[in-house]
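Working notes, structure below.
The values are calculated or read from the model by the stated rules, or taken from the named source; none is laboratory data. All figures in this text were calculated on a predicted structure; none of them were measured in a lab. A quick note on method: Cβ atoms are made from the backbone with ideal geometry, for glycine too, and the neighbour counts reach across all protein chains shown.
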Amino acid sequence: MLTRIQVQADAFDVGKEWTDLRAELGGQSGAVAAFCGMVRDRFDGEEVANLVLEHYPGMTEKSIEAIASEAGRRWPLDALVVIHRVGEMAPGDEIVLVLAASGHRADAFAGCEFVMDYLKTRAVFWKKERSPAGERWVSTLASDYDRAAEWAPPRPK
């Protein structure tokens with residue numbers, strides 16, 4: 001499986017990443033599923049002026065590599081691209097891009113969704129939102145953990 005993981009401060013171009021992946025794959029894949037997450041301008045009814053994402057270089061990439069490897073074990077993915085930004089971002093800025101390629105759409109969709117659910121709960125990032133009322137650290141939501149738990153393999157009986 002072709003895997004590309006990037007953690008960067010710079011903005012990325014979704015169209016270019018899509019085109020680059022398609023060129024790398026040639027005609028190998030029948031489907032590419034994509035997810036792009038953006039900074040919201042409101043959270044829990046409060047205005048968000050900007051978002052700061054912090055990470056631990058090396059450890060963050062390793063946590064994303066583990067997620068990508070698990071996705072590759074679960075589905076026949078031809079490629080997986082994960083780009084995650086760090087640093088200060090404004091509402092509307094893109095934060096994360098996941099592209100999952102496979103021979104069939106169901107595997108591409110599942111791989112993409114799995115990676116996003118696990119990025120939210122297992123990747124090593126710290127988020128701080130700034131608003132006119134001040135700053136606050138953002139915790140992972142219970143609903144994010146619930147979604148990730150749905151991917152857990154069934155327990156033996």
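Observations on the model:
- Residue in segment 134-144 that is within 14 Å of the chain's Cα centre (by Cα), at pLDDT 95 or above and under 17 Å from residue 37 (Cα atoms) present: no
- Filtered residue count, segment 95-115, keeping only those that are in contact with a helix residue (DSSP H, G or I) (Cβ under 7 Å, 6 or more places away or on another chain) and either of a type outside the set (Ser, Thr, Tyr) or in a helix (DSSP H, G or I) (or both): 9
- Every condition in (1) more than 12 Å from the chain's Cα centre (by Cα); (2) farther than 14 Å from residue 4 by Cα; (3) in contact (Cβ under 8 Å) with a residue 40 or more places away in the chain is met by residue 122 except one, and the failing one is (1).
- Residue ID - surrounded by the most Cβ atoms within 10 Å (Cβ to Cβ), chosen from residues in segment 119-142 that are aliphatic (A, V, I, L, M) and assigned to a loop (DSSP other than H, G, I, E, B): 123
- Filter result for the condition that a residue is touching a residue at least 24 places away in the same chain (Cβ under 8 Å) and crowded, with 19+ Cβ neighbours inside 10 Å, over 49, 66, 33, 11: 33
- Summed over segment 1-51, residues that are assigned to a strand (DSSP E or B), of a type in the set (Phe, Trp, Tyr) and more than 20 Å from residue 139 (Cα to Cα) total 1.
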